Amino acid sequence: MEEPKPTKETLHSAVVNALKNIYDPEIPVNIYDLGLIYKIDIDDEFNLKILMTMTAPDCPEAEYMFQEVRQMTECINGIKSVDVELTFDPPWDFNNLSDEVKLELGLM
């Protein structure tokens, strides 16, 4: 039986699921719910572009997490290429956390 062809929506969900399996080593929260992912864009040819940040510009784990994002998303079936861009504009702050994470960390 042939696998269904991917769509932007199914690939977006797969990317989010992959990102939710990458955890910040200093805060026990995945990088998606932590708010480190600013944008996920998949074009019509299934090229993926991710715009992300770190909790601080001098984050000692920045290179590790950046590479892990690339590796975890490159292996998603249907994704043609992956471009991960790091930005600090706007800088990350605790308002980026999901409400669920704020509750979990006792910030609400």
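Below are the figures for this structure:
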quantity: Surface per residue (accessible, 1.4 Å probe) for the chain, Å²; calculated: 62
quantity: Region 1-93, accessible surface, carbon-and-sulfur percent (1.4 angstrom probe); calculated: 50
quantity: Of Thr53, Thr73, Thr87, the one that fluctuates the most in a GNM where the chain has Cα springs shorter than 10 Å; calculated: Thr87
quantity: Cβ-placed point charges (K, R +1; D, E -1), dipole of the chain about Cα centre in debye, nearest 20; calculated: 180
quantity: Within the chain, helix-based [θ] at 222 nm, where runs of 4 or more DSSP H residues each add -39,500 (n - 2.57), nearest 500; calculated: -8500 deg cm²/dmol
quantity: Descending Cα extents along the principal axes, region 1-59, whole Å; calculated: 46, 22, 13
quantity: Lysines whose Cα lies under 18 Å from that of Lys39, excluding same-chain neighbours fewer than 8 positions away; calculated: Lys8, Lys20, Lys49, Lys80
quantity: Two-site label geometry, Asn21 and Lys39: point separation in nm, points 7 Å out along Cα→Cβ; calculated: 2.7
quantity: Relative packing of 9-22, 94-107, 38-51, which averages over residues the other C-beta atoms within 10 Å, highest first; calculated: 9-22, 38-51, 94-107
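The values are calculated or read from the model by the stated rules, or taken from the named source; none is laboratory data. Bear in mind the structure is a predicted one, so any value in this text is a computation, not a measurement. Glycine also receives a Cβ, built like all others from the backbone with ideal geometry; neighbour counts cover every protein chain displayed. SASA here: full protein model, heavy atoms, side chains in, ligands and nucleic acids out. Shrake-Rupley method; radii C 1.70, N 1.55, O 1.52, S 1.80 Å.
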